[in-house]
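Student: What follows is a single structure, and I will ask about it in a moment.
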Amino acid sequence: MITTELTKYLYNQVSSNTSKQWIKIAKKLEAKMLSVNPSESEKGVKELRDLFTRIINDYSYPYRRDYCKVMMNYCEMTQDWREYGKWLELEINDIDLEDKDSTWLYFAFGRFLEETGKFRKSVDNHLNGIQASKQHKDYYYLALNHLGMGVSLQRMRQPDDAEYHLFIALEIFKELNDVLKQADVHVNLGSCYDRNGKSKLAISHYKQAEELLLSINYEFDIGRILYSLGIAYLRNNDFYNASLTFEHSQEYCLKTNNDHFLAATLYGIAWLQYLKGNIVESRNWIKESIKKIDTSSKRGNNFVMLPEIQGHIYLLAGAIYSKPPEANYGDAIKYLDLAQQAYEDLEETDTQLLNVLANRGRIYEYQEDWDKAEATFLEQLYKSRQISSSSVIGDAAIHLFVINVLRKSNITKWINFFKNIGVDGLINLIRNRIKYFQRIYKSKLQKNIRQEHGKSTRTFRANGSTETNRES
């Protein structure tokens with residue numbers, strides 16, 4: 001469906017649907033999409049989405065490489081990869097470092113591989129891109145390939161190497177005065193720190209990214225940044241700021257028609273309500289998130305969704321549907337199966353798959369199927385040792401302890417319990433309990449501070465009436 005007058009005009013100017021003519025249209029729409037005018041940018045995204053649908057199967061040589069170039073920014077911004085990877089792969093097969101196009105082709109293919117979970121191949125392509133960019137003195141794509149390296153390496157749990165490449169990219173983009181890409185680097189630095197438990201650093205970089213985009217009035221990507229910022233607040237147990245941030249993210253995503261991060265933001269709100277113990281509200285929000293994935297996918301707007309975020313959404317849904325009131329274990333298992341499928345499409349997802357396993361074990365606990373529960377948590381314990389995850393070892397040990405208490409195990413089973421969990425399991429069990437009580441204490445402390453702050457902001461006028469102080 002042709003959505004705007006500009007697109008209608010451009011389509012009317014072409015006599016037939018040839019590749020060359022569609023590329024001319026795409027170049028005009030790409031410039032529009034990257035406009036700092038928010039309404040123009042949003043229209044550009046919508047028009048390119050419509051154009052992409054029209055040309056999706058038209059990637060014949062010699063215009064295939066031109067398609068790759070003009071659609072690159074669109075795919076990057078919207079995560080609407082569809083057939084894009086196939087186009088790139090056909091071009092990469094014939095490329096070498098002497099070709100000037102190798103600088104951006106290696107970058108684009110690396111980004112596609114990264115977003116589809118092929119991190120090692122992504123790194124290989126970005127390394128080639130860095131070499132090609134240096135050879136051709138293409139500093140823009142040199143920075144982009146360093147950025148791509150940083151994105152893949154942080155997902156491969158190599159934070160120090162990721163940080164190194166991201167800061168190189170940031171310095172080059174500062175020299176090039178590219179504010180949009182500087183913001184992108186800050187988002188990924190935030191993600192890098194967030195994945196490694198450095199939530200305060202993560203929050204700082206997400207805020208810098210938001211400030212940079214607001215400084216150039218570029219609104220389309222703000223929804224993504226605010227979603228990430230909200231998740232960082234959640235991990236820091238700052239429910240108040242998480243709630244405010246998700247609310248603003250939802251507003252920006254709706255305003256810019258960014259369905260991908262709208263679904264992610266709805267998941268963030270569901271997680272927030274889940275952590276607060278509001279299971280019914282959490283279930284309603286996760287339903288909306290999944291509904292957004294399904295409806296957008298059917299419309300072909302900008303999905304397939306990133307497998308990692310999709311896995312997170314289904315994992316949370318599995319946890320929510322296993323909880324009362326009105327627990328539905330059948331739906332819970334269905335969503336855990338979908339989460340496992342999403343994670344298995346990615347590399348470096350051992351921890352996420354262990355989380356799926358843990359949630360299956362909890363369902364067996366709720367059903368009082370002690371044998372299956374014990375077998376599941378023992379599997380989690382053994383697999384967590386393979387990746388040296390102390391927190392997961394502790395989690396499995398706690399559940400195995402509870403299972404033995406609830407089933408009123410005899411002395412033989414308790415001896416087997418201590419043999420199975422070992423010294424590392426016992427130590428991490430104790431550590432997990434200490435952290436758990438620390439989180440509860442911190443949450444109550446923050447709640448008391450907010451209540452006291454609310455009281456202190458009540459001021460009295462001279463005539464005795466009250467007024468709320470609106471200053472933060």
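Student: Does at least one position in the range 275-284 carry a residue that is among the β-branched types (Val, Ile, Thr) and crowded, with 23+ Cβ neighbours inside 10 Å?
Tutor: no
Student: When you scan the range 86-106, do you find a residue that is crowded, with 23+ Cβ neighbours inside 10 Å, under 19 Å from residue 185 (Cα atoms) and either among the hydrophobic types (A, V, I, L, M, F, W, C) or without any contact (Cβ under 8 Å) to a residue 40 or more places away in the chain (or both), even just one?
Tutor: Yes, there is a match, as at least one residue in the range 86-106 is crowded, with 23+ Cβ neighbours inside 10 Å, under 19 Å from residue 185 (Cα atoms) and either among the hydrophobic types (A, V, I, L, M, F, W, C) or without any contact (Cβ under 8 Å) to a residue 40 or more places away in the chain (or both).
Student: Note down all Cβ pairs under 7 Å where the first residue falls in the range 57-69 and is assigned to a helix (DSSP H, G or I), the second is at pLDDT 60 or above and open to solvent by 60 Å² or more (accessible area, probe 1.4 Å), and they're at least six residues apart or on different chains.
Tutor: Filtered contacts from the range 57-69: 64/90.
Student: Which numbered condition trips up residue 157, out of (1) in contact with a Cys (Cβ under 8 Å, 6 or more places away or on another chain); (2) at pLDDT below 95?
Tutor: (1)
Student: Which ranges mark the helices (runs of 4 or more DSSP H) fully within the range 135-246 that have 3 or more residues being within 30 Å of residue 282 (Cα to Cα) and open to solvent by 30 Å² or more (accessible area, probe 1.4 Å)?
Tutor: Of the helices (runs of 4 or more DSSP H) lying wholly inside the range 135-246, those with at least 3 residues that are within 30 Å of residue 282 (Cα to Cα) and open to solvent by 30 Å² or more (accessible area, probe 1.4 Å) span 199-215.
Student: Tell me, yes or no, whether the range 280-295 has at least one residue that is in contact with a Phe, Trp or Tyr (Cβ under 9 Å, 6 or more places away or on another chain) and outside any helix (DSSP H, G or I).
Tutor: No, the range 280-295 contains no residue that is in contact with a Phe, Trp or Tyr (Cβ under 9 Å, 6 or more places away or on another chain) and outside any helix (DSSP H, G or I).
Student: Between 153, 144, which is closer than 28 Å to residue 47 by Cβ, touching a residue at least 12 places away in the same chain (Cβ under 8 Å) and out of contact with any strand residue (DSSP E or B) (no Cβ under 6 Å at 6 or more places or on another chain)?
Tutor: The unique qualifying residue is 144.
The values are calculated or read from the model by the stated rules, or taken from the named source; none is laboratory data. Values in this document were obtained by computation on a predicted structure and should not be read as measured data. Using ideal geometry, Cβ is built from the backbone for each residue, glycine included, and neighbour counts are taken over all protein chains shown. Heavy atoms of the whole protein, side chains included, go into the accessibility calculation; ligands, DNA and RNA do not. Shrake-Rupley method; radii C 1.70, N 1.55, O 1.52, S 1.80 Å.
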